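Have a look at the structure below before the remarks.
The values are calculated or read from the model by the stated rules, or taken from the named source; none is laboratory data. As the structure is a computational prediction, the values presented were derived from the model and not from experiment. Ideal geometry is used to build each Cβ from the backbone, glycine not excepted, and the neighbour counts take in all protein chains shown.
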Amino acid sequence: MAKQFFQKVGSTRIIPISFKILTIFVSLLLLSNFATNFVNLHLSRKQLIDLNNEVMVSQLKDIYSAAGNQYQIFTFTNNREASISAIKATARRNFDQPFSSALAFDKDGKILFCTVNNESREFQKLIEKKSKETNPEKIEELNSKIASYLSDDLQNFTDSQALQTMNEILATGQTDGSINFQTGLGQYFGVYKFQEEWNSYFVRAELRADTMKSNVILLGIVSIIIFVMVVGFLVAGLFMFKKILSSVNKITGSLYEMQNNQKLSTIDLSESPNDDVTYLAASFNALSSTINNLLGIFQKFASKDVVAKAYNEHEIRLEGSQQNLVMLFSDIKSFTYRTETLGNDIIDLLNVHYDKVIHAVHEEKGVIGSIIGDAILAIYGTQQTQNKSLDSLEAAWKITAVTANLRQKMVLRRAEIEKSRSLTEAEERIYQAVLIDIGVGIDGGNVFYGNIGSDEHMTNTVIGDNVNSASRLEGLTRIYHLPVIVSGYIKDEIENSGITSYKFYEIDTVQVKGKTEGKKIYFPMPLEPKSEAAEPNSAVVDPNSAVVEPNFAVVEPVETTFTSENFETYSTALQAYYQGDWSTARKEFKKCGIEAAEVFLERMGNKSAPENWSGIWTMQTK
């Protein structure tokens, strides 16, 4: 052992790692234990004072009740001393500390009575000390303490500051509270209550030093135990560390062999102890697993195609290219109102919503371009697929279905609650806020897709008019009260592929702000069920949001099923609208039973089509 501790390499003394670890461990252990117990002492002090206050409040109630009863007796017997003695006797029954005290005094500080635990051992010690003392000054000091201890000799409450505070509080109408006051024995703390019949403050108090004494003794005992145990651990540790760290040489040898062979392998840990050194070796063995985990985490923050490229090429570059892609934009309606109602809880609601939405996007071979608050941008075409427009439509209807399912769960939950009671006004607002409704807009075309930024920070993005167009189409879902609206690009790509699972109905021709040409927009009606709520040959549409903006009336969510006949009538009305035959258009729009028709009825009013009518509606806002 001596050779090990004094071994040198050149002029450098080698200190065993076991000694370093043990020294640091023991030092920190001692520091931690003493610091913990010191903090415990102060925390326990406060808790003990609080507990004593609770006990004293209960005891003060007994004294206060006894005072009331004795005042009634005093009015009959006119024996003041007997009544006060009875009150003091009641107070003494609850004394359990050496200097427990109870007293009463009026607003001027004149003592009605004062009694302490004069049978305690500490009191007897004061008497014995006085009897042995010969110094007049010491005897006078002891007499002062004994007088304050006996309390029957006290004429006035001596802490004028505490008395002033109590009087100020009483002036506000508060008759009770806590009190701290100074006496010859030290500082007292306690509780008080003003008794109107005796016109006095009744106080139950304890000497603060009494409450600390047991804590100090306990700290000393615990400290001794800790010190003895640490010494024992130190002795045992010196013998155990050599064996515990024996695996270090084994691990070091394995790493040296790997370095020589230039080949990554695993370290044999079959006979290694379960300690932090072995943990380091196990972490090395799990390196490949860790890389896969990091790849999974990276994939949660980046789109799948970016992750795949980074994995194959081992780097990410600032690059991009023009690609023909489809963009799906989804947004939650009336999000501002929901945020104001739910506060921070909106994050939980968004996470529940996005958990389903993102799964639906990935399930249909899409990647997440960005998530901005309540809006999500999904991109289709970056991965191999037969028809990116079809994938986007399938995802769109899955998104609307899972959102409708979430609303339905909330409706059922409300019905369950209302079996026993009605919702409060606050609960009603929260209920309306969680009934989220979304709109989905889809467009496609040539866009820039790639990485932009700098070497310090970059992001994957998609840029182009078609991206903005998808956002505008989503905004139109609020105007036409349709869950999904797509562009002619989506319609043409699906129809040209011979896919017959959707029927596209033209909704309007719109010229968005900043553009000079009109663009036809379509409602993709699925001809097969897309959710439990859908019927064959029909599309489930939720035109009425569960929550509208605060200046409109809040209504219950209504699931409306549109049939092909509804849209055929709508199409007839739309053609008459385009041709300027607004009289026929109004008649057919009223018959179709689709809420989008209300947009045209309001737009036309009772007027005829204007001259040079093009059939294009120009948006005034984005």
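Of the candidates 456, 428, 493, the single residue that is modelled with pLDDT under 85 and either aromatic (Phe, Trp, Tyr) or over 24 Å from residue 353 (Cα atoms) (or both) is 456. Scanning region 559-568 for residues that are crowded, with 19+ Cβ neighbours inside 10 Å and either in a helix (DSSP H, G or I) or outside the structural domain of residue 614 (by TED's automatic domain parsing) (or both) yields 566, 567.
Inspection of region 362-376 identifies at least one residue that is assigned to a helix (DSSP H, G or I) and at pLDDT below 90. Could we say that residue 207 is crowded, with 19+ Cβ neighbours inside 10 Å, modelled with pLDDT under 85 and assigned by TED's automatic domain parsing to the domain that holds residue 113 here? Considered against the rule, which asks whether it is crowded, with 19+ Cβ neighbours inside 10 Å, modelled with pLDDT under 85 and assigned by TED's automatic domain parsing to the domain that holds residue 113, residue 207 comes out as yes. Meeting the requirement of 3 or more residues that are under 30 Å from the mean Cα position of the chain (by Cα) and assigned by TED's automatic domain parsing to the domain that holds residue 589, the helices (runs of 4 or more DSSP H) wholly within region 396-498 are 425-434. When region 80-100 is filtered for residues that are surrounded by 12 or more Cβ atoms within 10 Å (Cβ to Cβ) and either farther than 30 Å from residue 209 by Cα or not assigned by TED's automatic domain parsing to the domain that holds residue 207 (or both), the ones remaining, listed by number, are 80, 82, 83.
Yes/no matrix, rows are residues, columns are (1) closer than 18 Å to residue 510 by Cα; (2) in the same structural domain as residue 484 (by TED's automatic domain parsing); (3) charged (D, E, K, R):
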position	(1), (2), (3)
585	yes, yes, no
593	no, yes, no
608	no, yes, no
611	no, yes, yes
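Within region 498-518, the set of residues being within 17 Å of residue 392 (Cα to Cα) and either at pLDDT 90 or above or hydrophobic (A, V, I, L, M, F, W, C) (or both) comprises 499, 502, 503, 504.
For region 359-376, enumerate the residues that are of a type outside the set (A, V, I, L, M) and either surrounded by fewer than 24 Cβ atoms within 10 Å (Cβ to Cβ) or out of contact with any Lys or Arg (no Cβ under 9 Å at 6 or more places or on another chain) (or both). Hits for region 359-376 are 359, 362, 363, 364, 365, 369, 370, 373, 374.
Only one of 451, 460, 468 is free of Cβ contacts under 8 Å to residues at least 60 places away in the same chain and on the phi < 0 side of the Ramachandran plot. Can you tell me which?
Answer to the selection: 468.
In the set 260, 199, 249, only one residue is more than 45 Å from the chain's Cα centre (by Cα), loosely packed, with under 13 Cβ neighbours inside 10 Å and at pLDDT 70 or above; that residue is 199.
Can you name every residue in region 377-394 that is of a type in the set (A, V, I, L, M) and either surrounded by fewer than 24 Cβ atoms within 10 Å (Cβ to Cβ) or outside the structural domain of residue 449 (by TED's automatic domain parsing) (or both)? Within region 377-394, 377, 390 meet the criteria.
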